[in-house]
1. When N is the residue count of segment A:349-460, what does its C-alpha Rg come to as a fraction of 2.2 N^0.38 Å?
2. So for chain A, taking the charge dipole from beta-carbon charges (+1 Lys/Arg, -1 Asp/Glu), which of A:Thr24, A:Ala42, A:Gly264 sits furthest toward the positive end?
3. Counting alpha carbon pairs within less than 8 Å and at least 6 residues apart, what relative contact order, in whole percent, applies to chain A?
4. Please give the per residue accessible area of chain A, computed with a probe of 1.4 Å over protein heavy atoms only, in Å².
5. Tell me the net charge near A:Ile229. Cut-off is 11 Å between Cβ atoms, A:Ile229 excluded, with +1 for each Lys or Arg and -1 for each Asp or Glu.
6. Would you please give the FRET efficiency between A:Gln437 and A:Asp251, computed as 1/(1 + (r/R0)^6) with r the Cβ-Cβ distance and R0 = 60 Å, to the nearest 0.05?
7. Between A:Phe33 and A:Asp47, what is 0.36 nm times their sequence separation minus the Cα-Cα distance? Round to one decimal in nm.
8. Would you list the P(r) distribution for segment A:1-136, with all Cα-Cα distances sorted into 10 Å bins from 0 and each bin expressed as a whole %?
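The values are calculated or read from the model by the stated rules, or taken from the named source; none is laboratory data. Everything numeric here is computed off the predicted structure, so don't read it as measured data. Heads up, the Cβs are rebuilt from the backbone with ideal geometry, glycines too, and the neighbour counts pull from every protein chain shown. Quick note on the areas: whole protein, heavy atoms, side chains included, nothing else; ligands and nucleic acids left out. Shrake-Rupley method; radii C 1.70, N 1.55, O 1.52, S 1.80 Å.
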Amino acid sequence: MALPSARMLDIKLLRTEPDLLVSTLRDRGVRLFEDLTEGDWARASVDRLAELDGQYRSLLQEEESIRREMNENATAMKAVGKLPKEEQAAARTPLIEAGRVLREREKDIKVKAEAAMNARDEAWGHMPNITHPDAPRGHTDDDHRTTHTWGTPRDFESEGFAARDHLQIAEDLDLVDFAAGSKVVGAKFYYLKNDAVLLDLALQRFALDIAAKHGFTLHITPDLARVDILQGLGFNPRGESTQVYSIADSDLCLVGTAEITLGGMFADSILDREELPILVAGLSHCFRTEAGAAGKESRGLYRVHQFTKVELFAFVEGDLEVSEAMHERMRDIEEEIFQKLELPYRVLDIASGDLGGPAYRKYDIEAWMPGRGEYGEVTSTSNCTDYQARRLRVRYRTEAPADGKKSKGKNRFVHMLNGTAIANTRTILAVLENHQQEDGTVRVPEALRPYFGKDAISRR
RNA sequence: GGAGAGGUGUCCGAGUGGUUGAAGGUGCCAGACUCGAAAUCUGGUGAGGGUUUACGCUCUCCGAGGGUUCGAAUCCCUCCCUCUCCGCCA
């Protein structure tokens, strides 16, 4: 399903809204060209893009005009068959000769046009999505806007004991085996043990039930996907600082999230409008290389190479009002989950520089993590508008305008949204740390007990 | 892993190297009939790109990529995928 060219944003924006693209690049801090990084690099980048686009289009027109001549030549050849037999040979000869010449010219121009297109798309492919007007602008973690908080972190001091971090709790209750993980696989792999196994499964089931309650169709997805699907969703498996594990001698990658497998489900298809919105939830394992992520957050379960996650995904009509409403809804579902788990959190409206390529707007939920004494990311939900849909060609047929005319509906790109229901390791971390008790056990929140089967996590 | 079949438009499904962008059906839209609906009948309906104020003109697309030819859905090569049967296996 190779794409003719990478069209992450509507290329027409380059001709109609260059200023919007300039501010997009500026807000996101995305440099498209290595030699354009100083001064008004954003403006210069868009100018160069426009130039590359112009070069391609003029070559394309040249190529098409030759094609038309070739077609005319072939049509003329057909007419020869109607001439008297003795005249046919004489009529054919010049046409065959003309056809040969045209074919050579076409081959030549085709190579040039293709090269021009690749040059344009190479740069265009790195153009990120435009940004929601209300999303904060900036490039550091301090630029995120806290929209609201929920719950109050416990005051362990007043409760009379010192909070332990999840590593300590896990060791005390024999819940995680990091040593075996690094021996058998490598650093940042782990085995869950004992009650942690049951907690992991309980969280999965708990999240799936909430997803189903909200109308999401449940899936267990593959843990691998093709490279072109990953690219369609805006992931870069080939980059040098990639987060993606690739399978040798194949075009497959281990998925870093079920966003990939869910989002790819309708690649290359035209949906009926009545089917929308399509809400799917997917349970998958997630694999991340975490290249260059060594540092203070690397201990324990916070940043690991493999975890299990329940992901929410939505395909909605290609209308900002619709997708923005769905985005709020997905964030609400995430909040519902963490409220039921009784975990204090704050919600961040992510700043432009940290949105990544596909997202138009992104909300993160950060749960309170007593072991670190700060909030840490546990979920993330993005409205990617039509950015991913363009590359994957996920469209839907709009209704014909009710004007009584014979005009029919147009095909439009859907808007695609994703969000975390539960990322297991980080949620386990938050549950252990927030609900630890003085006696060393961990209280299981009410909502989770039917799934966990007990009211406390304890040592076996 | 062995043997075979096939990949065509929203979907299903025809297709002889040259009025085939593609029969037929389905779906959809409009109209007729009807109190209304169903059924029936008539007509219209593929996608993407370039160009144009617009009407329009034009290019590409029949799994993907090459090749043969004046001309390829149709012939050749490579690859991918799907299905059926057999074997193996959780």
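1. Values: Rg = 22.2 Å, N = 112, 2.2 N^0.38 = 13.2 Å.
It is 1.68.
2. Checking the options against the dipole of chain A, the answer is A:Gly264.
3. Numbers: 849 pairs, mean separation 86.8, N = 460.
Worked out over chain A, it gives 19 percent.
4. Ligands and nucleic acids excluded, the result is 48 Å² per residue.
5. Details: positive: A:Arg226, A:Arg391; negative: A:Asp228, A:Asp251, A:Glu259, A:Asp268.
Overall, the nearby charge balance is -2.
6. Working: r = 50 Å, r/R0 = 0.83.
Working from the Cβ atoms, E equals 0.75.
7. Details: separation 14, 0.36 × 14 = 5.04 nm, distance 1.14 nm.
Taking A:Phe33 through A:Asp47 to full extension adds about 3.9 nm, to one decimal.
8. Each 10 Å bin holds this share of Cα pairs: 11, 29, 22, 15, 12, 8, 4, 1.
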